[in-house]
1. Within the chain, what whole-number % of the accessible surface is contributed by carbon and sulfur, with the 1.4 Å probe and all protein chains included in the calculation?
2. Going by amide H atoms built from the backbone, whose H comes under 5 Å of the H on Ile60, apart from near neighbours?
3. If I measure Cβ to Cβ between cysteines in the chain, which ones have no partner under 4.7 Å?
4. So how do 75-88, 33-46, 6-19 stack up, highest first, on mean other-Cβ count within 10 Å?
5. Express the accessible area of the chain per residue in Å², computed with a 1.4 Å probe while the remaining protein chains stay in the model.
6. With each label point set 7 Å from Cα along the Cα-Cβ vector, what nm distance links Glu12 and Glu63?
7. Would you work out the Kirkwood radius for segment 10-82? I mean one over the mean of 1/r across all pairs of different Cα atoms, in Å.
Amino acid sequence: AQQLGTPLSEQEYHQFFRYLRVAHRASTACLLRELYGCQNPLVQRLDEYENHGVIPEGPICSELPGTIFPNFCTFSFYRCTRKRYFIKV
């Protein structure tokens, strides 16, 4: 265990910043979605990338028990507004 007030080790810094970079990227994608909507070509490419090349048609089930979304766009907006970026379909 590190002493309080000491800097993180190299490995700890790597883990710390890796998490921040991933969350930052997710929040940036959400900002694009919010600004331009799901029909924007860049947003659609991100959705396709997330789903191995095809945007799923609705209804969409998720890891949230008992929650069904009418389409992938609604599901993605839900994740963005709740800042639960990594909930999967």
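1. 57
2. Result for Ile60 returns Phe69, Asn71.
3. Cys61
4. Details: 75-88: 15.1, 33-46: 13.4, 6-19: 10.1.
Packing order, densest peptide first, comes out as 75-88, 33-46, 6-19.
5. Details: 6980 Å² over 89 residues.
Computed with neighbouring chains in place, this is 78 Å² per residue.
6. With each label point 7 Å from Cα toward Cβ, the separation is 2.7 nm.
7. Computed over segment 10-82, the radius equals 13.5 Å.
The values are calculated or read from the model by the stated rules, or taken from the named source; none is laboratory data. Everything quoted here is computed from the prediction, not taken from an experiment. Positions of Cβ are backbone-derived with ideal geometry, glycine not excepted, and every protein chain shown enters the neighbour counts. Protein only, heavy atoms only, side chains kept; ligands, DNA and RNA dropped before computing areas. Shrake-Rupley method; radii C 1.70, N 1.55, O 1.52, S 1.80 Å.
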